[in-house]
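Since the structure comes first, as structure tokens, the remarks are kept for the end.
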Amino acid sequence: MESESSTSSSSSSSSSSWFREWVTVSLGLANTLLFSGILCGWAALQSFLEDDHIYDHLCNSDCTERDNRMMFLYGTGQMFSIFAYACLSFLMDRTGPIFLSFFGGLFETAGLLMLGHLQAPVLSQGGEGVAGVDDVLSQLPFDLFDVAVVLTGIGGSALMVHALKLAFIVPPERFAWVMTLANCMVDGSSVMPAALYQFYRIGESFSRARIFSIYACLCFCLNGLIIWCWWGSPSERLSAKNAEEAREREKEDVEEAKEERSERNEGSKKKLQEQDRKENTEDSEDSRNASEAGEHERIEGGEPREAELEELGAESSSSKPRVASKPRLHGQKLTSQLQSFEFAFAFVLFITQGFSATSYMGFNKNLLKAKGDQDTAFFFTSFSQIFVYLLPSSILFAPLFSMSLAHRGFAFSFTVMLFLGLVWSVATLLPLKAQLVAFIAFTNYRAILYSAYFTFLAHTFGNRTFGSVNAHLSMLAAALAWLIGPSTSASQRWFGSLVGMSVLIILLFVPPSLLCNWLDISANIHLEMYAISRDPTERRTFGQLCLMYEFRASPESHASR
């Protein structure tokens, strides 16, 4: 009876433990959808500000200067957002998700409140101000809207980093699915400003201040609930994963030391055999006519040598080929990981494609306006609104992205992503109606880009150093985000349009395309090094191997390669 009760209690506690993890994941994904990518829906945020006559004093004969100011505002927010993303990724390995949820919720709430309640740009321009602005605020040497977008961007980055930890507390076979869904939720978050903007257009009862106040309160309460959910088994599961990776690294170090010792023994054995052959040759020449008794004594004199050879070869003969259960970089020092080909590939991919995706999100509204976009340009709505509404549609294809990663591997998934990127970047050079093709290609391109990228980082480098590796990659990307505004202005000044930005983005697809083939080759080399079976009948799935490299080529194709 006692054993039965203990068994039932343990099973119920196990199920409740997984239940708490899934509740945490569900709330975390909802939090990511609602608040992580507010700046990605910049077109709707810009409409909020324009309808409330923000920066109208910059409009003279046209509003080009106001559009440039809006782009600078977006670029500032994105730059601080990516810098914060890098710094928080460093802290992620040390502080954990509870800190990220608290920090992100606090900054996001403050930024949303400011975006809702600021009524005019607060600039110190020789005492000139806008009517109705408070005298104290008018003396500030900076624009409070810059502060608002910076706080919103930093908070959103913290919530993005928090979402990346959700996949580590679910069963391994669900890792790729949760990671893909988390990145799709970031894309879906970009539609939230558009949804809020529709409430704003209903009437005076839904003012910008009221809408953003309610939205900020929801953010604060939801993150408080997530913090409570993380206490207990979810946090313990993360700590257990870190400890497991450290133990795996220690085991591999011991096995490597044994292999080196075995190799040294093999070398010593070969030397002794070579010496025996030389001695036997010399002895046979000197005692060719010797008696059998002398020959017998010579053979007996070699017995200790044979015994020594057997002793040296005992350990090497008992050694077995090592089979890796994790990718080769798991548990290694951060400095070793940063010198790997995998890090170089991730660096090139994130720098080029991160800049391309972020740039298009910022200048898309101005691009469509230059092509003649209006509020009734397409079925009584504008193309810019269609673009915002289509961004979360990539969630529908999340299972396909996960299947692509699980069954075809990273090289194939990144190749599909680059093809979609080339489609939307070329479409930006075409007339207005062709932009629908660009919208559909872009939303799926962006979803598979970040899904495959973060899955690649997590499975390649492991949970223990995932945040630190991600932070190194994000530092330069943050500096490049600041160049979005100047690049857009330079394209307008030199070409009279945004065609220069489109050409630049097309050229940025070349470097990662060249590296995709080498990524596949590198993965195959790692499999050879770790003696992982290449028999398709013996190979397990992505989740069963808990983030292991997938290799789907047949033995014949591998041999030909």
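Hey, among Asn524, Asn463, which residue is at pLDDT below 80 and more than 27 Å from Ala86 (Cα to Cα)?
Values: Asn463 fails: more than 27 Å from Ala86 (Cα to Cα).
Result: Asn524 is the single residue among Asn524, Asn463 that is at pLDDT below 80 and more than 27 Å from Ala86 (Cα to Cα).
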Do you know which residues across region 72-92 are farther than 22 Å from Lys365 by Cα and open to solvent by less than 40 Å² (accessible area, probe 1.4 Å)?
Ala84, Tyr85, Ala86, Leu88, Ser89, Met92
For the subset of region 363-389 comprising residues that are open to solvent by 50 Å² or more (accessible area, probe 1.4 Å) and modelled with pLDDT of 75 or more, which member is nearest to Ala434 (Cα to Cα)?
Lys371
Looking only at region 176-203, which residues are open to solvent by 10 Å² or more (accessible area, probe 1.4 Å) and over 16 Å from the mean Cα position of the chain (by Cα)?
Val191, Met192, Ala195, Leu196, Tyr197, Gln198, Phe199, Tyr200, Arg201, Ile202, Gly203
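Identify the residue in region 58-84 that is of a type in the set (Ser, Thr, Tyr) and at pLDDT 80 or above and, among all such residues, is nearest to Gly467 (Cα to Cα).
So in region 58-84, the residues of a type in the set (Ser, Thr, Tyr) come out as 61, 64, 74, 76, 81.
Cutting the leftovers down to at pLDDT 80 or above gives us 74, 76, 81.
On the way: Tyr74: 26, Thr76: 24, Ser81: 16 Å.
Of everything passing the filter in region 58-84, Ser81 is nearest to Gly467 (Cα to Cα).
For region 187-197, indicate whether the set of residues that are more than 21 Å from Arg464 (Cβ to Cβ), touching an Asp or Glu at 6+ places or on another chain (Cβ under 9 Å) and among the hydrophobic types (A, V, I, L, M, F, W, C) is non-empty. Spell out the reasoning first.
Here is the first cut: in region 187-197, the residues more than 21 Å from Arg464 (Cβ to Cβ) are 187-197.
From what is left, the residues that are touching an Asp or Glu at 6+ places or on another chain (Cβ under 9 Å) are 197.
Imposing the further condition that a residue be among the hydrophobic types (A, V, I, L, M, F, W, C) reduces the set to none.
Looking through region 187-197, none of the residues is more than 21 Å from Arg464 (Cβ to Cβ), touching an Asp or Glu at 6+ places or on another chain (Cβ under 9 Å) and among the hydrophobic types (A, V, I, L, M, F, W, C).
Let's see how each residue does on (1) more than 19 Å from the chain's Cα centre (by Cα); (2) at pLDDT 80 or above; (3) assigned to a helix (DSSP H, G or I); (4) closer than 24 Å to Leu476 by Cα:
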| position | (1), (2), (3), (4) |
| --- | --- |
| Leu329 | no, no, no, yes |
| Ser336 | yes, yes, yes, yes |
| Glu342 | no, yes, yes, yes |
| Phe350 | no, yes, yes, yes |
| Gly354 | no, yes, yes, yes |
| Met361 | no, yes, yes, yes |
Go through region 195-212 and count every residue that is at pLDDT 85 or above and touching a Phe, Trp or Tyr at 6+ places or on another chain (Cβ under 7 Å).
6
Residues located in region 192-233, provided they are over 30 Å from Thr95 (Cα atoms) and among the hydroxyl-bearing types (Ser, Thr, Tyr)
Tyr197, Tyr200, Ser205, Ser207
Is there a residue in region 436-444 that is farther than 25 Å from Ile395 by Cβ and of a type in the set (Ser, Thr, Tyr)?
no
In region 95-115, the residues that are within 19 Å of Ile226 (Cα to Cα) and either among the hydroxyl-bearing types (Ser, Thr, Tyr) or open to solvent by 40 Å² or more (accessible area, probe 1.4 Å) (or both)
Thr95, Phe99, Ser101, Phe102, Phe103, Leu106, Phe107, Thr109
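Of everything in region 419-472, what is without any contact (Cβ under 8 Å) to a residue 24 or more places away in the chain and surrounded by 20 or more Cβ atoms within 10 Å (Cβ to Cβ)? Give them in sequence order. Can you show your working first?
Kept after step one, since they are without any contact (Cβ under 8 Å) to a residue 24 or more places away in the chain, are these residues of region 419-472: 419, 423, 427, 430, 434, 437-438, 441.
Passing the criteria: only Ala438.
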The condition from (1) over 16 Å from Phe168 (Cα atoms); (2) within 20 Å of the chain's Cα centre (by Cα) that Ala458 misses is numbered (1)
Pair list, Cβ under 7 Å, 6 or more apart: region 73-100 residue farther than 17 Å from Thr32 by Cβ, other residue assigned to a helix (DSSP H, G or I) and among the charged types (D, E, K, R):
Leu73/Asp146; Thr76/Asp146
I need the helices (runs of 4 or more DSSP H) fully contained in region 161-250, keeping only those with at least 1 residues that are without any contact (Cβ under 8 Å) to a residue 24 or more places away in the chain.
192-202, 208-230
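The values are calculated or read from the model by the stated rules, or taken from the named source; none is laboratory data. On a predicted model such as this, the values are computed, not experimentally measured, just so you know. Backbone-built Cβ (ideal geometry, glycine too); neighbour counts: all protein chains shown. When the accessible area is computed, the model is the full protein with side chains, heavy atoms only, and any ligands, DNA or RNA have been set aside. Shrake-Rupley method; radii C 1.70, N 1.55, O 1.52, S 1.80 Å.
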